[in-house]
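Colleague: Please see the structure below; I have some questions.
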Amino acid sequence: QVQLVESGGGLVQAGGSLRLSCAASGILFNGKPNAWYRQAPGKQRELVASVTSLGDTNYADSVKGRFTILRDTAKNTLRLQMNSLKPEDTAVYYCYARSDFTPYWGQGTQVTVSS
C-alpha cells in the first residue's frame, strides 16, 4: 500500500522560509516523476515544482528562484524548500508521485503566509 505523508507546513510571516517534507512508503521516489502541487481556497490545484525520473526539475513561474524541490533518495523523501514566502503562497501543499502510470497523492499540509 502506497502512502505519502507531508509535513512541515505552518504559519510564517512574509519573507520567511519553510521546508516541506513528504515521506513515502510502498513506493520509491527515486527514478520516478515526483512533484509538489498546491491548492488555494477557491482555486484549482496547480503544479508548483516537479522533478523527472532523471532528476530534471521544473518550477511554476510564480515560485522560480524562491522554491527548490529536492529528492532525498537515502530517506525516500521528497522536499520543498520555500524561501522568500509571499501571502499568495498560502495554500494546501500536496506531494505527488507516479508509479507504473498510477498517480499517488499525500493528504496535504497547510502553508499560511501572513503579510
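The values are calculated or read from the model by the stated rules, or taken from the named source; none is laboratory data. All values reported here derive from a predicted model rather than from experimental measurement. Cβ atoms come from the backbone with ideal geometry, glycine included; neighbour counts cover every protein chain shown. Remember, those area values only see protein heavy atoms, side chains included, never the ligands or the DNA or RNA. Shrake-Rupley method; radii C 1.70, N 1.55, O 1.52, S 1.80 Å.
Colleague: Take the range 71-115, compute every pairwise Cα distance, and split them into 5 Å bins from 0; I just need the percent in each bin.
Modeller: All Cα pairs, binned at 5 Å, distribute as 5, 17, 21, 23, 17, 11, 6, 1, 0 percent.
Colleague: Quote the convex hull volume per residue of the chain, based on C-alpha atoms, as a whole number of Å³.
Modeller: Details: hull volume 10.9 nm³, N = 115.
Given the Cα convex hull of the chain, per-residue volume reads 95 Å³.
Colleague: Grab the beta carbon distance between residue 11 and residue 73, set R0 = 22 Å, and tell me the FRET efficiency rounded to 0.05.
Modeller: Working: r = 31 Å, r/R0 = 1.39.
Efficiency, rounded to the nearest 0.05: 0.10.
Colleague: Which value, in debye to the nearest 20, gives the size of the charge dipole of the range 49-103 about its Cα centre, when Lys and Arg are +1 and Asp and Glu are -1 at the Cβ?
Modeller: Roughly 140 debye, rounded to the nearest 20.
Colleague: Find the percent of Cα-Cα distances in the range 1-69 that exceed 13 Å, and round it to a whole number. Intermediate results must be reported in sequence, preceding the final value.
Modeller: On the way: 1705 of 2346 pairs.
For the range 1-69, the fraction of Cα-Cα distances above 13 Å is 73 percent.
Colleague: Right, here's the next one. By how many nm would the segment from residue 28 to residue 44 lengthen if fully extended, with 0.36 nm per residue of separation less the alpha-carbon distance?
Modeller: On the way: separation 16, 0.36 × 16 = 5.76 nm, distance 2.75 nm.
Length gained, residue 28 through residue 44: 3.0 nm.
Colleague: So, with a 1.4 angstrom probe, what is the percent of accessible area on the chain that is carbon and sulfur? Numbers along the way, then the final one.
Modeller: Working: 2930 of 6190 Å².
Looking at the chain in its full context, I get 47 percent from C and S.
Colleague: Given a 1.4 Å probe, how much area per residue of the range 3-108 is accessible, in Å²?
Modeller: Working: 5620 Å² over 106 residues.
Counting only protein heavy atoms, the per-residue value for the range 3-108 is 53 Å².
Colleague: While we're on this one: List nothing, just return the count: lysine pairs in the chain, 8 or more apart or interchain, with Cα separation under 21 Å.
Modeller: Step by step, the pairs that qualify in the chain add up to 4.
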